[in-house]
Amino acid sequence: CSICISEITDPKSLPCKHTFCRACVDTALSYKSQCPMCNTIVGELKGNQPPGRMDWHTDYGTRLPGYENYGTIVINYYFSSGTQGPDHPNPGHHFSGTSRTAYLPNNEEGREFVQLLKRAFDNRLVFTVGTSVTTGATDTVVWNDIHHKTRVYGGASGYGYPDPGYLARLREELATKGIK
(Lines give C-alpha, C1' and ligand atoms only; values in the text may rest on other atoms or scores of the structure.)
Protein backbone atom coordinates (compact mmCIF):
# COMPACT_ATOMS: atom_id res chain seq x y z
CA CYS A 1 0.00 0.00 0.00
CA SER A 2 1.52 3.31 -1.06
CA ILE A 3 -0.26 5.09 1.78
CA CYS A 4 0.99 3.06 4.77
CA ILE A 5 4.02 1.58 2.93
CA SER A 6 3.06 -1.93 4.08
CA GLU A 7 1.54 -4.98 2.48
CA ILE A 8 -2.05 -4.35 1.39
CA THR A 9 -4.67 -5.71 3.77
CA ASP A 10 -8.37 -5.80 2.83
CA PRO A 11 -7.67 -4.35 -0.65
CA LYS A 12 -9.84 -1.65 -2.16
CA SER A 13 -9.43 -0.57 -5.80
CA LEU A 14 -10.49 2.85 -7.02
CA PRO A 15 -12.00 3.53 -10.48
CA CYS A 16 -8.51 4.55 -11.70
CA LYS A 17 -7.35 0.99 -10.85
CA HIS A 18 -5.02 1.97 -7.98
CA THR A 19 -5.36 -0.37 -5.00
CA PHE A 20 -4.78 0.39 -1.30
CA CYS A 21 -5.63 -0.98 2.13
CA ARG A 22 -9.35 -0.27 2.60
CA ALA A 23 -8.78 1.56 5.91
CA CYS A 24 -5.94 3.65 4.46
CA VAL A 25 -7.79 4.78 1.34
CA ASP A 26 -11.08 5.38 3.19
CA THR A 27 -9.23 7.70 5.57
CA ALA A 28 -7.47 9.47 2.69
CA LEU A 29 -10.76 9.91 0.79
CA SER A 30 -12.44 11.39 3.88
CA TYR A 31 -10.00 14.32 3.55
CA LYS A 32 -9.85 14.64 -0.23
CA SER A 33 -12.04 12.93 -2.86
CA GLN A 34 -9.08 12.08 -5.08
CA CYS A 35 -6.88 9.04 -5.61
CA PRO A 36 -3.72 9.48 -3.47
CA MET A 37 -1.59 8.27 -6.42
CA CYS A 38 -2.95 9.99 -9.54
CA ASN A 39 -5.41 12.60 -8.15
CA THR A 40 -8.33 11.18 -10.16
CA ILE A 41 -11.62 12.38 -8.67
CA VAL A 42 -13.38 9.67 -6.67
CA GLY A 43 -17.06 10.52 -6.34
CA GLU A 44 -17.92 14.21 -6.30
CA LEU A 45 -15.85 16.92 -4.65
CA LYS A 46 -17.35 19.12 -1.95
CA GLY A 47 -16.38 22.78 -1.86
CA ASN A 48 -16.56 25.66 0.61
CA GLN A 49 -19.20 27.81 -1.09
CA PRO A 50 -21.17 29.83 1.48
CA PRO A 51 -24.92 29.26 1.82
CA GLY A 52 -26.86 30.64 -1.12
CA ARG A 53 -29.66 30.04 -3.57
CA MET A 54 -29.75 29.06 -7.25
CA ASP A 55 -32.80 29.26 -9.48
CA TRP A 56 -33.45 29.37 -13.20
CA HIS A 57 -36.14 30.01 -15.75
CA THR A 58 -36.51 30.02 -19.52
CA ASP A 59 -36.68 33.29 -21.44
CA TYR A 60 -38.19 32.39 -24.82
CA GLY A 61 -37.72 35.93 -26.15
CA THR A 62 -33.94 36.08 -25.72
CA ARG A 63 -31.81 34.30 -28.33
CA LEU A 64 -28.13 33.67 -27.70
CA PRO A 65 -25.80 34.31 -30.67
CA GLY A 66 -24.97 30.89 -32.09
CA TYR A 67 -28.20 29.43 -30.66
CA GLU A 68 -30.78 31.58 -32.44
CA ASN A 69 -33.28 28.71 -32.78
CA TYR A 70 -33.67 28.35 -29.00
CA GLY A 71 -34.74 30.42 -26.05
CA THR A 72 -32.37 31.11 -23.18
CA ILE A 73 -32.00 29.52 -19.75
CA VAL A 74 -31.40 32.32 -17.25
CA ILE A 75 -29.65 31.14 -14.06
CA ASN A 76 -29.69 33.35 -10.97
CA TYR A 77 -27.41 32.91 -7.96
CA TYR A 78 -27.99 34.76 -4.67
CA PHE A 79 -25.71 35.01 -1.62
CA SER A 80 -26.32 37.07 1.51
CA SER A 81 -23.41 38.56 3.41
CA GLY A 82 -22.23 36.54 6.39
CA THR A 83 -19.35 35.28 8.49
CA GLN A 84 -16.54 33.21 7.00
CA GLY A 85 -16.29 29.62 8.16
CA PRO A 86 -13.20 27.57 9.03
CA ASP A 87 -12.65 26.61 5.38
CA HIS A 88 -12.53 30.24 4.16
CA PRO A 89 -9.52 32.61 3.97
CA ASN A 90 -10.38 34.63 7.13
CA PRO A 91 -12.50 32.50 9.49
CA GLY A 92 -14.75 34.55 11.73
CA HIS A 93 -14.50 37.66 9.53
CA HIS A 94 -17.33 39.19 7.53
CA PHE A 95 -17.78 38.42 3.83
CA SER A 96 -19.88 40.34 1.31
CA GLY A 97 -22.68 38.58 -0.52
CA THR A 98 -23.53 38.96 -4.17
CA SER A 99 -25.97 38.01 -6.89
CA ARG A 100 -24.98 36.75 -10.34
CA THR A 101 -26.85 35.89 -13.54
CA ALA A 102 -25.67 33.45 -16.20
CA TYR A 103 -27.03 32.21 -19.54
CA LEU A 104 -27.28 28.88 -21.36
CA PRO A 105 -29.08 27.93 -24.58
CA ASN A 106 -32.46 26.30 -23.97
CA ASN A 107 -31.64 23.19 -25.98
CA GLU A 108 -31.06 19.62 -24.83
CA GLU A 109 -27.42 20.30 -23.96
CA GLY A 110 -28.22 23.53 -22.10
CA ARG A 111 -30.92 21.77 -20.05
CA GLU A 112 -28.39 19.04 -19.18
CA PHE A 113 -25.86 21.69 -18.09
CA VAL A 114 -28.30 23.48 -15.80
CA GLN A 115 -28.79 20.16 -13.96
CA LEU A 116 -25.01 19.61 -13.76
CA LEU A 117 -24.54 23.16 -12.48
CA LYS A 118 -27.24 22.53 -9.87
CA ARG A 119 -25.29 19.47 -8.65
CA ALA A 120 -22.10 21.55 -8.56
CA PHE A 121 -23.96 24.26 -6.62
CA ASP A 122 -25.38 21.72 -4.16
CA ASN A 123 -21.82 20.39 -3.67
CA ARG A 124 -20.70 23.96 -2.88
CA LEU A 125 -18.35 24.15 -5.89
CA VAL A 126 -19.58 27.09 -8.00
CA PHE A 127 -18.55 29.96 -5.69
CA THR A 128 -16.12 30.54 -2.82
CA VAL A 129 -15.04 33.42 -0.58
CA GLY A 130 -11.98 35.29 -1.80
CA THR A 131 -10.73 38.36 -3.67
CA SER A 132 -12.62 39.56 -6.74
CA VAL A 133 -10.48 39.52 -9.88
CA THR A 134 -12.77 42.19 -11.37
CA THR A 135 -12.99 44.70 -8.51
CA GLY A 136 -10.14 43.72 -6.18
CA ALA A 137 -12.62 43.54 -3.28
CA THR A 138 -11.52 41.11 -0.57
CA ASP A 139 -13.65 38.80 1.57
CA THR A 140 -16.43 38.56 -0.98
CA VAL A 141 -18.28 35.77 -2.79
CA VAL A 142 -16.45 35.00 -6.07
CA TRP A 143 -16.63 32.45 -8.90
CA ASN A 144 -14.72 29.21 -8.24
CA ASP A 145 -13.25 27.88 -11.53
CA ILE A 146 -16.51 26.90 -13.24
CA HIS A 147 -16.87 29.53 -15.95
CA HIS A 148 -20.29 30.97 -16.69
CA LYS A 149 -21.54 33.19 -19.49
CA THR A 150 -22.70 36.30 -17.67
CA ARG A 151 -23.64 38.24 -20.80
CA VAL A 152 -25.83 37.38 -23.76
CA TYR A 153 -23.52 39.18 -26.22
CA GLY A 154 -19.80 39.90 -26.29
CA GLY A 155 -18.25 36.67 -27.51
CA ALA A 156 -15.70 34.55 -25.69
CA SER A 157 -13.58 37.48 -24.49
CA GLY A 158 -16.63 39.41 -23.25
CA TYR A 159 -18.16 36.64 -21.10
CA GLY A 160 -20.93 36.17 -23.66
CA TYR A 161 -21.98 34.44 -26.84
CA PRO A 162 -21.09 33.42 -29.51
CA ASP A 163 -18.42 31.10 -28.11
CA PRO A 164 -18.51 27.77 -29.98
CA GLY A 165 -16.17 25.99 -27.54
CA TYR A 166 -17.86 27.13 -24.32
CA LEU A 167 -20.06 24.13 -23.57
CA ALA A 168 -17.19 21.69 -24.19
CA ARG A 169 -14.98 23.70 -21.80
CA LEU A 170 -17.78 23.83 -19.23
CA ARG A 171 -18.14 20.04 -19.41
CA GLU A 172 -14.38 19.68 -18.76
CA GLU A 173 -14.44 22.11 -15.83
CA LEU A 174 -17.34 20.25 -14.23
CA ALA A 175 -15.69 16.87 -14.82
CA THR A 176 -12.51 17.99 -13.03
CA LYS A 177 -14.72 18.48 -9.99
CA GLY A 178 -16.38 15.08 -10.40
CA ILE A 179 -19.62 16.45 -11.90
CA LYS A 180 -20.43 14.33 -14.97
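The values are calculated or read from the model by the stated rules, or taken from the named source; none is laboratory data. This one's a predicted model, so the numbers in the text were calculated from it and none came from an experiment. Counting neighbours? That spans all protein chains shown, and the Cβs are built from the backbone with ideal geometry, glycine included.
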Could you please give the count of residues in region 6-42 that are surrounded by fewer than 16 Cβ atoms within 10 Å (Cβ to Cβ) and either of a type in the set (D, E, K, R) or within 29 Å of Thr83 (Cβ to Cβ) (or both)? 8
Test: Asn69 is assigned to a loop (DSSP other than H, G, I, E, B) and surrounded by fewer than 18 Cβ atoms within 10 Å (Cβ to Cβ): yes
Candidates Arg151, Arg100 - the one that is modelled with pLDDT of 95 or more and outside any strand (DSSP E or B): Arg151
Going through region 156-165 one residue at a time, which ones are part of a loop (DSSP other than H, G, I, E, B) and either surrounded by fewer than 14 Cβ atoms within 10 Å (Cβ to Cβ) or touching a Leu at 6+ places or on another chain (Cβ under 6 Å) (or both)? Pro164, Gly165
For region 43-55: of the residues being modelled with pLDDT of 95 or more and not small (Gly, Ala, Ser), which is surrounded by the most Cβ atoms within 10 Å (Cβ to Cβ)? Gln49
Among (1) touching a strand residue (DSSP E or B) at 6+ places or on another chain (Cβ under 7 Å); (2) charged (D, E, K, R); (3) modelled with pLDDT under 95, Asp87 falls short only on (1)
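Only one of Pro91, Pro51 is over 16 Å from Val126 (Cα atoms) and not acidic (Asp, Glu); which? Explain how you work it out, then say what you get.
Values: Pro51 fails: over 16 Å from Val126 (Cα atoms).
Going through Pro91, Pro51 in turn, the sole match is Pro91.
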I need the full set of residues from region 119-133 which are part of a helix (DSSP H, G or I) and closer than 14 Å to Glu173 by Cα, in order please. Arg119, Ala120, Phe121
